[in-house]
Amino acid sequence: MARSSALSARRAPPRRRALGPEWCAPVSQLPVNTRPPPASNRTDRAAESERDRELILRAQRGDKPAFAELVARHQRRAFAIAFGLLRSEEDASEIVQEAFLRVYRGLDTFNGTASFFTWLYRIVKNLSIDLMRRPAWQRELADELSGEQVDALLLSRLSAQDPEHSLRRRELASVVGDAIDALPAYHRAVIVMREVEGMSYEEMAEAAGVSKGTIMSRLFHARKKLQRALFARYVEHTERLPAEADER
Amino acid sequence: MKLSDTTLMLFHDGELDAERARRVRAGRLVDPSVGARLEALAELGDAVRAWALRRDTRGGELGRFCSRALRRDDAPGRGDR
């Protein structure tokens, strides 16, 4: 994509790090803006976390294949998070490499109180946000895409085969955006973590530093508020329809 | 059997245990409103993702949003709603 090349061209020298190919294989293109998969069951998650802990212990003792396995297990999800924020494969790949480099350097500081993925998630998120805060990154993106181009991109990604459906979703997105802006920050956070990033309740609880029950409650109330906002807009719209018909 | 909104949300998010998930699937077969309520949750999720994409494609707004929303200082203490 043109944006990727433009973004990479402005940075000199490139931030490529010396992570060997045995650690970080190329990440194939991931589908974007698709519905997140349902959280896997607790047994699977517990087994995954246990395997991560074993690999970290081995990596802390200098076992490079163990670290390579950690990278292989988590790089796609890390890439998906970075790509979801940055919308650039190249930038996302660099962020993932940088994140795993920081993980490697900080292995000795990992004490296992949170899951490995939560630790990695925070690093990826913070690196992505740091990149997006750079004025040059924001200016160039705004310059590259006009409003119409953004809408065209959005429509093509959402549902190009059904324009009516796309318009409806765009309208919904606009209403939801207003409603989300009106939410308190802790409600906005759970909505984004769940719906945009597909995180499980356990991952959200670890990331936010609260209990799973609190996450569940926040998500419940946040969704109710959004649904009420959508319903209010729907009522407003349907009440307007007869008046518009009379005018014609 | 009345299925609560909380139960349906947990089912939608893949957070129910197998037995309770089976009950929701059974309830969906006999009560059309269960399917409609689940569909409403799915629609809401679609709309949120569409919103996220729009913000994201307009100059890194989602990053600034996440930065604010996920800042630990903004979150109230445990048990807050």
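The values are calculated or read from the model by the stated rules, or taken from the named source; none is laboratory data. If you're wondering where the values come from, they're calculated on a predicted model, not measured in any experiment. Glycine gets a Cβ as well: all are built from the backbone with ideal geometry, and neighbour counts include every protein chain shown. SASA here: full protein model, heavy atoms, side chains in, ligands and nucleic acids out. Shrake-Rupley method; radii C 1.70, N 1.55, O 1.52, S 1.80 Å.
Right, residue A:190: under 19 Å from the mean Cα position of the chain (by Cα) and either of a type in the set (S, T, N, Q) or closer than 30 Å to residue B:17 by Cβ (or both) or not?
yes
Here are some conditions: (1) open to solvent by less than 30 Å² (accessible area, probe 1.4 Å); (2) outside any loop (DSSP other than H, G, I, E, B); (3) more than 7 Å from every other protein chain (Cβ to nearest Cβ); (4) at pLDDT 80 or above. Residue B:44 meets all but one. Which one does it not meet?
The failed condition is (3).
Across the stretch B:1-38, what is the total count of residues that are under 22 Å from residue A:200 (Cβ atoms) and part of a helix (DSSP H, G or I)?
Residues flagged as under 22 Å from residue A:200 (Cβ atoms) and part of a helix (DSSP H, G or I) within the stretch B:1-38 amount to 18.
Tell me whether the stretch B:15-23 contains one or more residues that are facing another protein chain (nearest Cβ under 7 Å) and out of contact with any Pro (no Cβ under 7 Å at 6 or more places or on another chain).
Scanning the stretch B:15-23, I find at least one residue that is facing another protein chain (nearest Cβ under 7 Å) and out of contact with any Pro (no Cβ under 7 Å at 6 or more places or on another chain), so the answer is yes.
Inspect all residues belonging to the stretch B:57-72 and state whether any of them is part of a helix (DSSP H, G or I), surrounded by fewer than 13 Cβ atoms within 10 Å (Cβ to Cβ) and at pLDDT 90 or above.
no
Taking the stated definitions as given, is residue A:77 at pLDDT 70 or above and either charged (D, E, K, R) or not in a helix (DSSP H, G or I) (or both)?
Yes; evaluated as a whole, the condition is true for this residue.
In this structure, does residue B:79 turn out to be at the interface with chain A (Cβ under 7 Å from one of its Cβ atoms), at pLDDT below 90 and surrounded by fewer than 16 Cβ atoms within 10 Å (Cβ to Cβ)?
In short, yes.
Please determine whether any residue of the stretch A:76-95 is in contact with a His (Cβ under 9 Å, 6 or more places away or on another chain), open to solvent by less than 20 Å² (accessible area, probe 1.4 Å) and either more than 20 Å from residue A:199 (Cα to Cα) or in contact (Cβ under 8 Å) with a residue 60 or more places away in the chain (or both).
no
Out of A:151, A:178, which single residue is over 30 Å from residue A:74 (Cα atoms), among the acidic types (Asp, Glu) and modelled with pLDDT of 65 or more?
A:178
Looking only at residues that are within 9 Å of another protein chain (Cβ to nearest Cβ) and at pLDDT 85 or above in the stretch A:221-245, which one is most open to solvent (accessible area, probe 1.4 Å)?
Among them, the one singled out is A:221.
Could you list all residues from the stretch A:198-220 that are of a type in the set (D, E, K, R) and facing chain B (nearest Cβ under 7 Å)?
Within the stretch A:198-220, just A:218 meets the criteria.
Of the conditions (1) open to solvent by 50 Å² or more (accessible area, probe 1.4 Å); (2) at the interface with chain B (Cβ under 7 Å from one of its Cβ atoms), residue A:181 fails just one. Which one is it?
The one condition residue A:181 does not meet is (2).
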